[in-house]
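Read the structure below first, then the notes.
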Amino acid sequence: MSEPIRVLFVCLGNICRSPTAEATFRAEVERRGLAHRFEIDSCGTGGWHAGEAAHPETRAAAKRAGVEITHRARQLRAEDFDRFDHLLVMDHSNHENTLVLAGSDAHRAKVALFRQHDPEAQDSLEVPDPYYTGTFDEVFAMCARTSAALLDELLR
Ligand code: 4NP
């Protein structure tokens, strides 16, 4: 058995974007029968919502697309840089806040923008925050297509 590929999705509150990315990535992994090859989690750079379920609108948008989000929010911690191979952040602010906790060049090299893998990305590589924009279904669709492309890339 080879080592699993460990993927962590990171946003600010861990109740909207990163739980959606986590759930869409897991759904794609399971659809392809590859669950045994991955460890998948999400977290927030902020800890205000630690222990909470995802935002009701985030869960509702996922459910409309047939995906269940059961994640409980937690804050990013320094150990995550050792435990995970890839830390995929939702926006530039998350990127900066995540790098603050990175202890080495090897840790920093694990951090990247999730939407770098979005086949439909145009001018922005950020996932807009539906907590402020209200665009929960659009964010779900963005995360779903990006997760599929990310999985293709990780399997290459
Ligand atoms: P998220 O959205 O980072 O996509 O989970 C947010 C949720 C809550 C807050 C900020 C962003 N907040 O400040 O409470």
Exercise. Taking residue 20, is it part of a helix (DSSP H, G or I), within 15 Å of the chain's Cα centre (by Cα), within 12 Å of the ligand (Cβ to nearest atom) and buried (at least 24 other Cβ atoms within 10 Å of the Cβ)?
Worked result: yes
Seminar exercise, completed: A careful count of residues in the stretch 46-90 that are within 17 Å of residue 130 (Cβ to Cβ) and touching a residue at least 12 places away in the same chain (Cβ under 8 Å) gives 20
Exercise. For the stretch 1-38, which residues satisfy the criterion of being at pLDDT below 95 and under 20 Å from residue 54 (Cβ atoms)?
Worked result: none
Problem set entry | Scope the stretch 103-134; condition exposed (fewer than 15 other Cβ atoms within 10 Å of the Cβ) and in a loop (DSSP other than H, G, I, E, B); matching residues | 103, 104, 109, 119, 120, 122, 123, 124, 134
Exercise. For the subset of the stretch 45-102 comprising residues that are of a type in the set (Asp, Glu), surrounded by fewer than 17 Cβ atoms within 10 Å (Cβ to Cβ) and in a loop (DSSP other than H, G, I, E, B), which member is nearest to the ligand (Cβ to nearest atom)?
Worked result: 52
For this session: Looking only at the stretch 23-44, count how many residues are within 16 Å of the ligand (Cβ to nearest atom) and within 19 Å of residue 130 (Cβ to Cβ).
Result: 6
For this session: All but one of (1) under 23 Å from residue 5 (Cα atoms); (2) out of contact with any Cys (no Cβ under 8 Å at 6 or more places or on another chain) hold for residue 91, so report the exception by its number.
Result: (2)
Exercise. Checking residue 88 against (1) in contact with a His (Cβ under 7 Å, 6 or more places away or on another chain); (2) under 16 Å from residue 16 (Cα atoms), which test does it fail?
Worked result: (1)
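The values are calculated or read from the model by the stated rules, or taken from the named source; none is laboratory data. It should be emphasised that the depicted structure is a prediction, and the values quoted were computed from it without experimental measurement. Every residue, glycine among them, receives a Cβ derived from its backbone with ideal geometry; neighbour counts consider all protein chains shown.
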